[in-house]
Amino acid sequence: MAATNQTTGTTAPVSGLREFWYYFSVNRGAVIGLTVFTILVFVAIFAPLIAPHLPDVQYRDALLKPPIWDANGDPRFILGTDPVGRDILSRLIHGARYSLFIGFFVVVGALIVGVFLGVLAGYFRGWVDALIMRIMDVILAFPPLLLALVLVAILGPGLFNAMIAIALVLQPHFARLVRAAVMAEKNREYVTAAKLSGAGHFRLMMITILPNCLGPLIVQATLSFSNAILEAAALGFLGMGAQPPTPEWGTMLATAREFILKAPWVVTFPGLAILITVLAINLIGDGLRDALDPKLKRS
Amino acid sequence: MKLMKALMAATAMVALAAGAAQAKQLVYCSEASPAHFDPGPVTGGNDFDASAHTIFERLVEFAPGSTEVIPALAESWEISEDGKEYTFHLRPGVKFHTQPYFTPTRDLNADDVIFSFERQWKDDNPWHNYLEGMTWDYFQGMDMPKYLSSIEKVDDLTVKITLTEPNAPMLANLAMQFASIVSKEYADQLEASGDLAAFSTQPIGTGPFQFVDYQLDTVIRYSAFPDYWDGKQPIDDLIFAITTDASVRAQRLLAGECDIMPYPAPADLEALKADENLTVQEQEGLNIGYISYNTTEAPFDNPEVRKALTMAIDKAAIIEAVYQGAGQDAKNLIPPTMWSYDDAIPADVYDPEKAKEMLEAAGVTNLTTDLWAIPVSRPYNPNGQRVAELIQADWAKVGVTANIVTYEWTEYRERGKQADRKGPFMIGWTGDNGDPDNFFATLFSCSAIGVSNYSSWCNDDFEAAISAAKTTSDQAERTELYTKAQEIFKAEEPAITLAHSRVFMPMKKTVLNYVMSPLGSHSFKGVDVQE
Amino acid sequence: MLNYVLRRIALLVPTIIGISICAFAFVRVLPGDPILAMAGQHGVTPERYEILREQFGYNLPIWQQYFDYLWSVMQGDFGISLATKRPVINEFMALFPATMELAFVALLFSVIIGIPAGIFAAIKRGSWFDQVTMGVALTGYSMPIFWWGLLLIIFFSGYLGWTPVSGRIALTFFLRPITGFMLIDTLLYGNWPAFVSALRHLILPAIVLGTIPLAVIARQTRSAMLEVLGEDYVRTARAKGMSPNRVINVHALRNALIPVVTTIGLQVGLLLGGAILTETIFTWPGIGKWMIDSISKRDYVVVQSGLLIIALIVMAVNLIVDLLYALINPRIRVQ
């Protein structure tokens, strides 16, 4: 509805960024997502200042304390404690660092590798293209979680290895996207013009072609960000991600799983934290897509 | 055509199900799928439960609830003066199971006994390698090839086993699951048809229950063997519902989906005990969780340092946080239920102040070491990582920095065996046959260095005591020798004896006559269900 | 069309070879030793170790091991499981129906709810129904399903006691598998209580596994529908005074469903991945749990052949979806 009104406003040229922000901010969900995400980033950065306790200090007099609203709660621990007496709230706060860190580095890793391979394939075509795309097909033929699981089993369980595995599993999506965009743009006039004026291959690709497929790339990156967090948590849950006592949310869930009946809160809160984070990022992703994708804007 | 056949079978099955409504049924939520049903080559407790304690039996057995050896397929036996000749008199009239795939024509005899051992022992036996890449793990592990000289048939119901040297634990070894007696006649039938692998999937034994069906990773069904020599079992159907996750098992028991389950998660015990329809049996486990110092590595080559580090550990806290009440402080290597346990040994004390002084006296300051944490949950140590975290915090208080290291389980053990391994190594042991030799010699003899002596500890006095105890059959004399061994062990502290875990067995109150085995096996012989 | 089919299949050959190399290579570089993993707490002697290595062919040069493997796979021999000594393909066939049944019911659940929800959301664009549906869908899409499963178990099995905790059917029913699909088998046996029991066991796992596909399908249906509703021919139909229902049924729906079908096809790989988590939580005896267990047991042969078979299935499904798409949409074929 807001979009239909906008079609009349094309007479006044607005800067790209402002136009983008306009479309983004009319999406209420996206704004909420962005707000939550900003808070999360803030919490992650200032975790040591915000957290009431250190994440790995064991209060041996307070094992498995329920949250404070429970009659048996301990006023020191707002969300209760885990089996070795660590404050769950503090661990969740520090865990935000891991989740955002995972999301960020996986996306950057997948983006770099994916863009590089995609550009190579799309620009040079021929056997380079065939080789790269067949490798991507192979990666995509395995269910992503299964492949990540096997890769982590090979590299050894751990946060860093889990991140490598997830980045590897996610990058074909970037490669395919970039390849298609490069192929579409390669023969446009402006590229030919740049070529004639003597621009090198590398310059051509990086400066001329890439910015033109930035929109879909950003959307894909947001999607991958939330996917990475979910997959890392799933790996942690299966015991193959971050290793205890790291306060990574999925790992916290896995080590707490045996307490599902006795102390449901040790299972509930880490899962809720994952859900909220992923949901916030996906809301932003939706907003970005609506704002960046001109085709959807029209309807 | 195939569908028609299936439908015919289906109608039969429905009729069977209708008839089975009155049958007495016991559902056991077991912890893992068995590899297969031949008790000789398998190694897991769950494998043994599914075959050795249902379908098969041995010459001698451990009495229910103890490690005492009692007659089973052998009615009686004699051991020669020199301790080298064992003569077994078989029980007459023992029947093998009758199945759609095999109908026995004769009762159990000496040929079956000889075949049961020779297939594991002799390389040239056609059954020695009947499955691809199989190993006779326990037969080898209990050193049977070293001790066996011959197995002879005296007559149809008499078998004579001759040893190369006296070996006190031998009778207990023969009560172990790997020594199960299988049918030679069935083996011959399969050999003739060429389908040797069926021996492990369609088992024939003499035991109280016979095999009915196995759905991979789901359910195993047995029925009571009507011609069992000790009388038909009180229950008609025995069902193993395979449920790998401990908390799911507990939930299934609470929901009434099964009658009895092994290995509850410590966290679930409270809820299980609180339920009015359930009882929880418990018992000391025949196991030990310990941490081996590398006694060849400085500064752990100094017994004073080892004792100081042990003293710096708050074992009570570990037992509470990790074993959660399902464990007991271990002051000796062997558990208290085992004969020859030396109760006079004082328990380890927790005294960080004194530990610090002792370390300083030994000239150890600013020590940084690796600390190896078991990567998987074991009966003797439910959570190695958590133990390591607690010890790390304790040691930090006496100025020792511990870096926790861990590897994949097989690699972990391989690396742990290396003589130049750095840092204390967490490990444990579950008793095989209830003999102290199975702990002392297996874990800390000089010859076990590089195999299962993770401390690389070779003490002459200790070695002399345990070797003498092995060749003596007089139990009083052996007890004395093992007491001495325990004193030496404590004075030298080659390892931190952490805890013996307690074993729990939650079940419905309607389950009658279940007796827990100290050896950790689960047998349903004689168990009844109240209606 | 035939030409297109052949071309698509030919394109798959290098991918299949790549998959087989990956499956083979992954297993070779897994840390841990398969022979030691088979042994119990007593271990194996060094001599025996060598004999076993030779028996399994682990002493041969790596390329020879690969070609031996490829050759036997082409003859339908996927090897013998190290742990159970049974042929891997037999184990797979015994467990695959359980996964298929779960995945199929999950997909059915997500299609039956997802497509109507997406359509109504699109028609009533901006209404509270649209907003709530899309909010729920995005939440479902963001759900860590392993946690979701645990919550459902706590609530429905633990607290309310409505659904069974795990397994495929109550143990009182002893039905030898005919098709391996519990719902079909119980009906073939004509055993109504057994069918009900199987259905009750299936509900929670199917909901958990179906959550993400449901969200994806609902969102995809909505946007496809919106796009179609904005097309000229729909506008024309509407302008000509066609009733809104008829517009939606005759014109919009059919065209909107094409991309949705593709989306459904693409869920298969995700479903198989999600099955790993769902089967672990509900101890569902399927291939997801089988793979996880085999990785932790270092059952080389199962991991290797399991990966290969699963990848081949995903590929086959994707191929079928592509071909269906080409059949509906002839423009694709010429590209």
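Please state the shape class of segment B:334-417: rounded when a/c is under 1.5, otherwise prolate if a/b exceeds b/c and oblate if not, all from the C-alpha gyration tensor. Because a/c hits 1.5 or more and a/b fails to exceed b/c, segment B:334-417 counts as oblate.
The charge dipole of the protein assembly as shown, taken about the Cα centre with unit charges on the Cβ atoms of Lys, Arg (+1) and Asp, Glu (-1), comes to about 7640 debye, rounded to the nearest 20.
Within chain B, helices built from complete DSSP H runs that reach 24 Å or longer along their own axis (Cα positions) and carry a mean Kyte-Doolittle hydropathy of -0.5 or higher are B:2-19. Taking N as the residue count of chain B, its C-alpha radius of gyration divided by 2.2 N^0.38 Å amounts to 1.04. Gyration tensor over the Cα atoms of segment B:202-245: the corresponding equivalent ellipsoid has semi-axes (square roots of 5 times the eigenvalues, largest first) of 22, 11, 7 Å. Only helices enter the 222 nm calculation for chain B: every DSSP H run of n ≥ 4 contributes -39,500 (n - 2.57), and dividing by all residues gives -9000 deg cm²/dmol, rounded to 500. Binning the alpha carbon pair distances of segment C:171-271 at 10 angstrom intervals from zero yields the distribution 14, 27, 21, 21, 13, 4, 0, expressed in whole percent. Dipole of segment C:129-258 computed with +1 at Lys/Arg Cβ and -1 at Asp/Glu Cβ about the Cα centre; of C:THR186, C:PHE146, C:ILE169, farthest Cα towards the positive end is C:THR186. Counting every other Cβ atom within 10 Å of each residue's Cβ, B:CYS446, C:CYS22 order from fewest to most as B:CYS446, C:CYS22. Applying Stokes-Einstein at 20 °C and 1.002 mPa s to the Kirkwood radius of segment B:36-176, computed over alpha-carbon pairs, gives a translational diffusion coefficient of 134 µm² s⁻¹. Straight-line reach from B:LYS160: which aspartates and glutamates have Cα under 15 Å away, leaving out those fewer than 8 places along the same chain? Output for B:LYS160: B:GLU75, B:GLU78, B:GLU81, B:ASP82, B:GLU85, B:ASP111, B:ASP112, B:GLU118, B:GLU152. What do you get for the angle between helix A:88-124 and the principal long axis of chain A? Use alpha-carbon atoms, 0 to 90 degrees, nearest ten. Once rounded, one gets 20 degrees. Simple point charges give the picture: +1 on the Cβ of Lys and Arg, -1 on the Cβ of Asp and Glu, and for segment B:287-503 a dipole about the Cα centre of about 540 debye. Three semi-axes describe the equivalent ellipsoid of segment B:146-212; taken as square roots of 5 times the Cα gyration tensor eigenvalues and ordered largest first, they are 27, 15, 12 Å.
Please list, or write none, the aspartates and glutamates whose alpha carbon is within less than 13 Å of the alpha carbon of C:LYS297, excluding same-chain residues fewer than 8 places away. List returned: B:GLU408, B:GLU411, C:ASP33. Shape class for the protein assembly as shown: prolate, because the ratio a/c of the largest to smallest gyration tensor axis (alpha-carbon atoms, square roots of eigenvalues) is 1.5 or more and a/b beats b/c. Cross-link pairs exceeding 29 Å in C-alpha to C-alpha distance, out of B:LYS146/B:LYS525; B:LYS146/C:LYS289; B:LYS184/B:LYS232; A:LYS262/B:LYS490, comprise B:LYS146/B:LYS525; B:LYS146/C:LYS289; A:LYS262/B:LYS490. For segment B:30-90, dividing the convex hull volume of the Cα atoms by the residue count gives 114 Å³ per residue. Applying a DSSP loop filter and a limit of 15 other Cβ atoms within 10 Å to the chymotrypsin sites (Phe, Trp or Tyr not before Pro) in segment A:48-116 leaves A:TRP69. This ranking places C:LEU160, C:LEU52 by how few other beta-carbon atoms lie within 10 Å of each, fewest first, which gives C:LEU160, C:LEU52. Each of A:MET206, B:MET426, C:MET315 was scored by other Cβ atoms within 10 Å of its Cβ. Listed from fewest to most, they are A:MET206, C:MET315, B:MET426. Calculated mean residue ellipticity, 222 nm, chain C: -24500 deg cm²/dmol, from DSSP H runs (n ≥ 4) at -39500 (n - 2.57) each, averaged per residue and rounded to 500. Put simply, the C-alpha atoms of chain C give a gyration tensor, and the ellipsoid matching it has half-axes of 43, 28, 17 Å, longest first. Taking a ≥ b ≥ c as the square roots of the eigenvalues of the Cα gyration tensor, an a/c ratio of 1.5 or more together with a/b no larger than b/c marks chain A as oblate.
Our summary of shape: the Cα atoms of segment B:492-531 have principal axis extents of 56, 17, 9 Å, ordered from largest down, in whole angstrom.
For segment C:63-151, the Kirkwood estimate of the hydrodynamic radius, built from every pair of different alpha carbons, is 17.3 Å.
Stokes-Einstein, applied to the Kirkwood radius of segment B:287-503 over Cα pairs at a viscosity of 1.306 mPa s and 10 °C, places its translational diffusion at 92 µm² s⁻¹. Compare the Cα positions of B:GLY289, B:GLY256, B:GLY325 along the charge dipole of segment B:243-351 (+1 at Cβ of Lys, Arg; -1 at Cβ of Asp, Glu; about the Cα centre) and return the one farthest towards the positive end. Of B:GLY289, B:GLY256, B:GLY325, it is B:GLY289.
The GluC sites (Glu not before Pro) of segment B:42-104 meeting both criteria, a DSSP state outside H, G, I, E and B (loop) and at most 16 other C-beta atoms within 10 angstrom of the site's C-beta, are B:GLU68, B:GLU81.
Please give the helix A:264-292 orientation as an angle from the longest Cα principal axis of chain A, in degrees from 0 to 90, rounded to the nearest 10. Taking the Cα atoms of chain A, the angle to A:264-292 is about 20 degrees. With everything on Cα atoms, drop me the angle between helix A:126-141 and the longest principal axis of chain A, reported from 0 to 90° to the nearest 10. The two axes meet at around 30 degrees. Straight distance only, please: which aspartates and glutamates reach the Cα of B:LYS273 with their own Cα at less than 14 Å, same-chain residues fewer than 8 apart left out? Correct list for B:LYS273: B:GLU282. Only DSSP H runs of four or more residues enter the estimate; each adds -39500 (n - 2.57), and after division by the residues of chain A the mean residue ellipticity at 222 nm equals -22500 deg cm²/dmol. Site-free segments of chain B were taken between trypsin sites (Lys or Arg not before Pro) in DSSP loops having at most 13 other Cβ atoms within 10 Å, sites themselves excluded; the longest one is B:233-508.
Laboratory data are not the source of any read-out in this text; all were calculated from the coordinates shown. As the structure is a computational prediction, the values presented were derived from the model and not from experiment. We place every Cβ from the backbone using ideal geometry, glycine too, and count neighbours over all the protein chains shown.
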